[in-house]
Each structure stands twice: as C-alpha cells, then as structure tokens.
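S.K.: Mind looking over this structure? Questions follow.
The values are calculated or read from the model by the stated rules, or taken from the named source; none is laboratory data. Keep in mind that what you see is a predicted model, and the values were worked out from it rather than measured. Every residue, glycine among them, receives a Cβ derived from its backbone with ideal geometry; neighbour counts consider all protein chains shown. We work out accessible area using only protein heavy atoms, side chains counted, and drop any ligands, DNA or RNA first. Shrake-Rupley method; radii C 1.70, N 1.55, O 1.52, S 1.80 Å.
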Amino acid sequence: MIKVGITKFKDDRWMSVSKTYDFYRRALAGSFDLVEIAQEDIVSASHHVDAIVNFKGSRAFLEREEIVCPVLYGMHGGLVVDHSFVSANLPKLRTCDALLVNCTSDNAIVQSWFSGQLPKIIQLPLPVNTASELQNLQGGCRKMLGIEEADVVLGFVARLLPAKNLHGFLRMLAQVQRALYPARVRALIVGSYWVDYPILGYCTIDYRHYINQLIDDLGVSDSLIYFPASLTSDDLRIVYAAMDVLLHPTFGIDENFGYVAVEAMGQGVPVVAAAYGGLKDTIKVGVTGHLMATWATSGGIRMDVKAGVAYTTELLAQPARRAVMAEAAWLHTGQLFSETSCAQTLVRAVREAISTATGCGPVRLHRKMPDEPFYPRSSILPDIEKGWFNFDHAVAHYVSAQLPQLCHGDILTLAAPVSWRDQIAHLDEPAWPISEAMDDKIEAFLAMLGHSSCEVGGADWPFGEIAQTLVTKGWLSVHRPKGMAF
C-alpha cells in the first residue's frame, strides 16, 4: 500500500486550521497508509514514504534538497502572510511537488512572482457539513434560541478581533435596522476575543472595551444574542440555521477559504461578504449571496459597505427571494464542498505527485518584478514590527478591484467616523486606525461627509482632487451604483 507522511500539527488557537488538518488526516488515511511526521524528522522520514504532505512548517521548504520523495505543501493563507519566505524558497522545489491552495487568488500570487516551469498548483476546496434538508429547519432552530417567528436575523461568526470586523458588522446592523423599521432585526454573534492576534494586530488589546462602547453608542444591545467560539459543531449548525442572512465583512488578510461562509450556505443561509480571497470563489454572486467590492489603499483594505447594507436589507425584506437563494446555497455547498469530493481532490493530487516523481527535476523559474501599488507606500498606520506594507503586494491579488479612480456618480462616505485631536485626524477603524495631519479645506470636506454621503460630480466638481487623495489613503469608502463596475 502507498505510504504517505503528514507533518504533525497542534495549535488550538487556529480553529479553522485545526479543522483543515483533521480533514487532511481523514482523507489521506482513507486511501493511504498514513504516517505522522515531526518537522525535525522530515528528511529521514522521506526515505520511508512515497510522498509527504507538509501541512504546516518551514523545514520542508528549507530542507527540500535533502528530501527524496515528492512534497505537497499546504499553504493555508501562507502566500499572503508568509509570502516573502515562500517566494524565496519556491525555487528549491521539484516539478513533482505541489502547492495545495484554497483559492484562485493564491494561484495569481504565484503567477505574479514567477514564470517558467512551476510546481503544480492544486486548488483544494475544504469540506463542511450540510443540512440533510431545509424544510422547517429554521423555525425549529429559532424556537430553541428563543427567537420570535416575525424577527429577521443577521449572523456573524468569527474571532472577535479587529481584522474580522465585528465593529463593521455592528454599524451595518444599525443601518439595516433603520432601513427595515418597524421590523425587529436580531443579530446572532458567535466568537471569542483574541488579544494577541499576530497579524496586523492593531487595537486588539482594547477591542472588547471598544465593542462594548460601540454597542452602547449604536443602541443595539437588545438586538444581540452571543455564543462563544467553543460551541459544538451541532450547536453551531443550529445557530447558522436560525439566521436569515450571514454578514461577513472580513478584513482578515489571510482569508484564503472562509469556512464561515461555506458553513452558513451549507445550512441554507445566503451570505453577504467581502469580495476577498477565497470568498470570491465560494460565493456565487446573485445566486448564493452577494459580495462587497474590496480594494487596497495606503491605509489598508477598504470595501463597498453601502452595497453590503443594500444587499442585506433587500434580502431581509424579500422572504421569497431569500428562500430561493437559501435553496441554491444549500445545493451549491452539497455539490462542491462535500467530504467526498474534497477528499478526492487531495488524494488525486498525492497520486499525481507520486506518479511523476521518477525523472522529475528542479523547477525552472523566472522571477518577475512585482507590480507597484496604485497608492503611495507612506504609512499613516501605527508603527508595528510587521506592518501593512509587508503584505500589500500579496493582498493586491486577494482584493476584488484596483484602487477606485473616481467617476461621476460614485457615492462617497467616510470609511469610519473621524475624530480630531491636536489638528490630527483619526479614523475610528480598529482594523486600520490611520491618522494624519489635514489642512482646513480637507477638514471641512471630511466634516461634511460626517453628516451624509456625497455624490461625485462631473469634470468641474470642486472636490475631485481632494476626494481622490482621501480614497487613495483609505479615509473614504466608495460605492458604485448597480451597473457601474469597479
């Protein structure tokens, strides 16, 4: 029987990665003699297995020349988070090796680095459990949670930290409530706080206090029902099934797949999410949900929040349309994200690597010059050890649009509330807390937007240059009406 090694992984902080590791083990053990390998033993173990699946860890890259069998590398967002390391070590790989990625954006990152004879790039979807049927599912789950039949319910499932944008969800919730009044809009929130998040961890320490204050300021406390991240899988499915719409406005730069959106769709819940990374692949726009356009700026990632509020409001106000989308979401998930189909992809990749091992040689790569961003790389974010400009070249392939160049008819809003201290403007955005000195003219323009949105005028519009500068730096969000593409 074919013997396959998999590197050991244990880190309970990363629930989604642990879930993926369990899937890898199940899938591989079902077709091969599976052996777990410690990182420090990877070279010696390679003499006794037919292939190694390097789930996590750097040694399989650093010691590739000494490994005698094919290696399949699980990337798990590493092409964004660890892109410098991967780019530097990719030339060590052999033509029988493979990168296991979860989204087309990862493929685009590798293609942007190199041309020539690349390792195999395998797009591996990840499995989720789906509801056995949708009939009467929601009503029973709502009854368990004490939710009234007439309520409309939004859901949010993520780690409670700035990068996952709970604060953005709460602000969108308040807007949806105003739009649908007098209907009662409830919100189910699943997650736990994490104060030492290691990737662009701006404002994580004070985030719990920030959220509590924001809830008070928005007046949404009575609308919220909380659940911890420690819910069992069965309990989490009950919470999903009680939702009308999952709202997922993530800023997480390593959102290479997005279990949450697929899990929700698997329970027949339409999704409104950031058009970012894996979410661009898993959500069928207009069929299983909607996506909010995203782009990169000097001050981080921004998205078309106004479109997200409109999509969410429309779905909550139209039960018949929502039911059609719920059915499509459930069918879509069952077809593409079942354990069987995802396992077949992984097993097929391992077999192909083994079958091409004889006679394989080193990859032949030609490095490309990276594209320069469409914004100045002068930081207006807090100074941290590994800041935004360590990641933005890779993020450029995860966002859905280039930096907007303003057009007549675009709608501008503040990306978040702006406050002033000692003539310095501060964006009240915990994921991207930019600050900058402004002149009086820009201050007046920002103050105007603090009260309402603004439509971009024609060629003689007096604020054109100011507005474009503020969009480029991330102070403003842009909404393009339907029919106008970013």
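S.K.: Do we find a residue being touching a Leu at 6+ places or on another chain (Cβ under 9 Å) and either acidic (Asp, Glu) or over 30 Å from Ser233 (Cα atoms) (or both) anywhere in the stretch 122-138?
M.R.: No, there is no match, as no residue in the stretch 122-138 is touching a Leu at 6+ places or on another chain (Cβ under 9 Å) and either acidic (Asp, Glu) or over 30 Å from Ser233 (Cα atoms) (or both).
S.K.: If I filter the stretch 42-52 for residues that are out of contact with any Cys (no Cβ under 8 Å at 6 or more places or on another chain), exposed (fewer than 14 other Cβ atoms within 10 Å of the Cβ) and not in a loop (DSSP other than H, G, I, E, B), do I get at least one hit?
M.R.: Taking every residue of the stretch 42-52 in turn, at least one turns out to be out of contact with any Cys (no Cβ under 8 Å at 6 or more places or on another chain), exposed (fewer than 14 other Cβ atoms within 10 Å of the Cβ) and not in a loop (DSSP other than H, G, I, E, B).
S.K.: Condition first: of a type in the set (Phe, Trp, Tyr) and either free of Cβ contacts under 8 Å to residues at least 24 places away in the same chain or open to solvent by 20 Å² or more (accessible area, probe 1.4 Å) (or both). Can you find one or more residues in the stretch 269-281 that meet it? Talk me through it step by step, then tell me what you get.
M.R.: Looking only at the stretch 269-281, we keep the residues that are of a type in the set (Phe, Trp, Tyr), and these are 276.
From the residues that got through so far, the ones that are either free of Cβ contacts under 8 Å to residues at least 24 places away in the same chain or open to solvent by 20 Å² or more (accessible area, probe 1.4 Å) (or both) too are none.
No.
S.K.: For the stretch 418-430, enumerate the residues that are outside any strand (DSSP E or B), out of contact with any strand residue (DSSP E or B) (no Cβ under 8 Å at 6 or more places or on another chain) and either surrounded by fewer than 19 Cβ atoms within 10 Å (Cβ to Cβ) or basic (Lys, Arg) (or both).
M.R.: Asp422
S.K.: Going by the structure shown, is Ala310 out of contact with any Gly (no Cβ under 7 Å at 6 or more places or on another chain) and over 17 Å from Val262 (Cβ atoms)?
M.R.: Yes.
S.K.: Then there is this: Could you check, for the stretch 453-463, whether at least one of its residues is in contact with a Pro (Cβ under 9 Å, 6 or more places away or on another chain) and at negative phi?
M.R.: Filtering the stretch 453-463 down to residues in contact with a Pro (Cβ under 9 Å, 6 or more places away or on another chain) leaves none.
Among the residues of the stretch 453-463, not one is in contact with a Pro (Cβ under 9 Å, 6 or more places away or on another chain) and at negative phi, which makes the answer no.
S.K.: Out of Val478, Val471, report the one residue that is open to solvent by less than 20 Å² (accessible area, probe 1.4 Å), modelled with pLDDT of 90 or more and either over 24 Å from Thr250 (Cβ atoms) or in a strand (DSSP E or B) (or both).
M.R.: Val478
S.K.: Go through the stretch 363-374 residue by residue and tally those that are open to solvent by less than 100 Å² (accessible area, probe 1.4 Å) and out of contact with any Asp or Glu (no Cβ under 9 Å at 6 or more places or on another chain).
M.R.: 3
Residues checked against (1) within 23 Å of Ala241 (Cβ to Cβ); (2) aliphatic (A, V, I, L, M); (3) open to solvent by 10 Å² or more (accessible area, probe 1.4 Å); (4) assigned to a helix (DSSP H, G or I):
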position	(1), (2), (3), (4)
Ala163	no, yes, yes, yes
Ala174	no, yes, no, yes
Gln177	yes, no, yes, yes
Pro182	no, no, yes, no
Ile189	yes, yes, no, no
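S.K.: Can you tell me which residue is farthest from Phe61 (Cα to Cα) among those in the stretch 1-39 that are in contact with a Lys or Arg (Cβ under 7 Å, 6 or more places away or on another chain) and open to solvent by 60 Å² or more (accessible area, probe 1.4 Å)?
M.R.: Asp33
S.K.: In addition: Considering only the stretch 285-312, state which residues are open to solvent by less than 30 Å² (accessible area, probe 1.4 Å) and in a helix (DSSP H, G or I).
M.R.: Hits for the stretch 285-312 are Ala307, Gly308, Val309, Thr312.
S.K.: Return yes when Ser338 is open to solvent by less than 40 Å² (accessible area, probe 1.4 Å) and either in contact (Cβ under 8 Å) with a residue 12 or more places away in the chain or of a type in the set (Asp, Glu) (or both) and no when it is not.
M.R.: yes
S.K.: Looking at the structure I just gave you, is Leu315 surrounded by 13 or more Cβ atoms within 10 Å (Cβ to Cβ), of a type outside the set (Gly, Ala, Ser) and farther than 27 Å from Ala108 by Cα? Lay out the reasoning, then the answer.
M.R.: Numbers: surrounded by 13 or more Cβ atoms within 10 Å (Cβ to Cβ): yes; of a type outside the set (Gly, Ala, Ser): yes; farther than 27 Å from Ala108 by Cα: yes.
In short, yes.
S.K.: Still on this structure, I have one more. Hey, can you tell me all the residues within the stretch 376-394 that are buried (at least 18 other Cβ atoms within 10 Å of the Cβ) and of a type outside the set (A, V, I, L, M)?
M.R.: Trp388, Phe391, Asp392, His393
S.K.: In the stretch 221-243, what residues are open to solvent by less than 60 Å² (accessible area, probe 1.4 Å) and either part of a strand (DSSP E or B) or in contact with a helix residue (DSSP H, G or I) (Cβ under 6 Å, 6 or more places away or on another chain) (or both)?
M.R.: Of everything in the stretch 221-243, those that are open to solvent by less than 60 Å² (accessible area, probe 1.4 Å) and either part of a strand (DSSP E or B) or in contact with a helix residue (DSSP H, G or I) (Cβ under 6 Å, 6 or more places away or on another chain) (or both) turn out to be Leu224, Ile225, Phe227, Ile238, Tyr240, Ala241, Ala242.
S.K.: Separate question: Inspect the stretch 325-337 for any residue being touching a helix residue (DSSP H, G or I) at 6+ places or on another chain (Cβ under 9 Å), in a loop (DSSP other than H, G, I, E, B) and of a type in the set (Val, Ile, Thr) and give the result as yes or no.
M.R.: no
S.K.: Would it be correct to say that Val363 is touching a helix residue (DSSP H, G or I) at 6+ places or on another chain (Cβ under 8 Å) and over 26 Å from His167 (Cβ atoms)?
M.R.: yes
S.K.: Go through the stretch 6-32 and report how many residues are free of Cβ contacts under 8 Å to residues at least 60 places away in the same chain and under 15 Å from Leu346 (Cα atoms). Walk me through how you get there before you give the answer.
M.R.: Let us first name the residues in the stretch 6-32 that are free of Cβ contacts under 8 Å to residues at least 60 places away in the same chain, namely 6-12, 14, 17-18, 21-22, 25, 29.
This time we only want the ones that are under 15 Å from Leu346 (Cα atoms), so: 6, 21-22, 25, 29.
Final tally of qualifying residues: 5.
S.K.: Since Lys56 meets every condition but one in (1) open to solvent by 30 Å² or more (accessible area, probe 1.4 Å); (2) under 28 Å from Arg367 (Cα atoms); (3) at pLDDT 95 or above; (4) not hydroxyl-bearing (Ser, Thr, Tyr), which condition does it not meet?
M.R.: All conditions are met except number (3).
S.K.: Still on this model: Please find, among Leu214, Leu200, the residue that is of a type outside the set (Lys, Arg), open to solvent by less than 20 Å² (accessible area, probe 1.4 Å) and either touching a Ser or Thr at 6+ places or on another chain (Cβ under 8 Å) or assigned to a helix (DSSP H, G or I) (or both).
M.R.: Leu214
S.K.: In addition: Could you identify the single residue in Pro462, Pro433 that is open to solvent by 30 Å² or more (accessible area, probe 1.4 Å), in a loop (DSSP other than H, G, I, E, B), farther than 18 Å from Lys306 by Cα and not basic (Lys, Arg)?
M.R.: Unique residue meeting the criteria: Pro462.
S.K.: Okay, next question. So, of the residues in the stretch 357-410 that are part of a loop (DSSP other than H, G, I, E, B) and among the aromatic types (Phe, Trp, Tyr), which turns out to be nearest to Thr297 (Cα to Cα)?
M.R.: Checking each candidate, the answer is Tyr375.
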